[in-house]
Every structure is written in C-alpha cells, then in structure tokens.
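Let me begin by presenting the structure, written as structure tokens, before commenting on it.
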Amino acid sequence: MGGVAEMAIDEAAVMAVLEAVLDPEIPVLSITDLGIVRGIAQHPPRVLISPTYTGCPATVAIETSIREALDSAGFADVHIERVLFPPWTTDWITKRGRERLHAYGIAPPSPSATVECPLCGSTDTAEVSRFGSTPCKAQWRCNACLEPFDRFKCH
Ligand SMILES: [Zn+2]
C-alpha cells in the first residue's frame, strides 16, 4: 500500500460494539446472534446489515440502536449500509442465537413441521395464532405442559 493510506477501522472492535446491540423484540439476542450483520467493509468504513422481515418495525429500531452504539463507542464515521440480497432468513440465526432463544422460552425457527416446546421439550404442540406478541412471532401452545410459547416464524 503506497500513498496516503486511509485509516482502516478496527473490525474486531466494531464487531464487539455490534455484539452488544440487542434485538429490541428479543433482548436476549444480539444482532450478531440474529445473523443480520453481514460484515464490515473498509474505505469508507461501514457495517453491512441485512434487515430482517420486510415491514418489521424492529428494523428501524435496530438501525437506530446500531447508530447510537457506534457513535458512543467512537465510531461515528462508520456508516450503516443495508444489504438486501440475498435476503435474510431465519437460517442465519447463529447456533448461539438458537440456544439463547430456547433458553428464553421461544422456539427457534426450523423448517420442520414439528415444533419442540421450549419449556418441557415435548413435540405435542399446536399453533394457536399466526400472530404472536410481535409480527415476527407466532403463538403456539404445548399440549403436554399446556404452556403457551412464541415461535419465531419462518419464511
Ligand atoms: Zn411443554
């Protein structure tokens, strides 16, 4: 590299900031658990993120949280860039994210028709409503322990 080298941002430090930004709907999940952080690019420094569900009100809230977190960590010059393709799917939720969802009592997304109750582990479960506490979740109920729970919707 010759000439006037642009200062490269510390990607690990930026990732650490993003790691601490929580999903507004499921505060046990960070946005990195959610899999919406696609990476960090240089020149100009920017965070690449993919919005979750189209029209999900959380998307704007998440971007606002990222902006605030970057600013307060001294990365005010790092931009946020949306990457729309390929679109985010629930498959991008990390293994740790799935474990955290489960521990929080939300059934992690899975393409299988069988949904395991996050409370007792029974697969004798049924969907109660397509619409759970937020547009991204469906409400389910376990027939074994009779507890209701949320399930992350799949695309
Ligand atoms: Zn159960």
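When peptides 140-148, 84-92, 115-123 are ranked by their average number of other Cβ atoms within 10 Å per residue, the highest-first order is 115-123, 140-148, 84-92.
Dipole check for the chain: with +1 at the C-beta of Lys and Arg, -1 at the C-beta of Asp and Glu, and the Cα centre as origin, the magnitude is about 440 Debye. Think of it as helices only: each DSSP H run of n ≥ 4 in the chain is worth -39500 (n - 2.57), and spread over all residues that comes to -7000 deg cm²/dmol at 222 nm. Once the 1.4 Å probe is applied to the protein heavy atoms, the range 81-135 comes out at 62 Å² accessible per residue. For the chain, the share of accessible area belonging to carbon and sulfur comes to 58 percent (1.4 Å probe, ligands and nucleic acids excluded).
The values are calculated or read from the model by the stated rules, or taken from the named source; none is laboratory data. As the structure is a computational prediction, the values presented were derived from the model and not from experiment. Methodologically, a virtual Cβ is constructed for each residue, glycine included, from the backbone with ideal geometry; neighbour enumeration extends over all protein chains shown. Ligands, DNA and RNA are stripped out before the accessible areas are found, and what is left, the full protein with its side chains, is counted by its heavy atoms. Shrake-Rupley method; radii C 1.70, N 1.55, O 1.52, S 1.80 Å.
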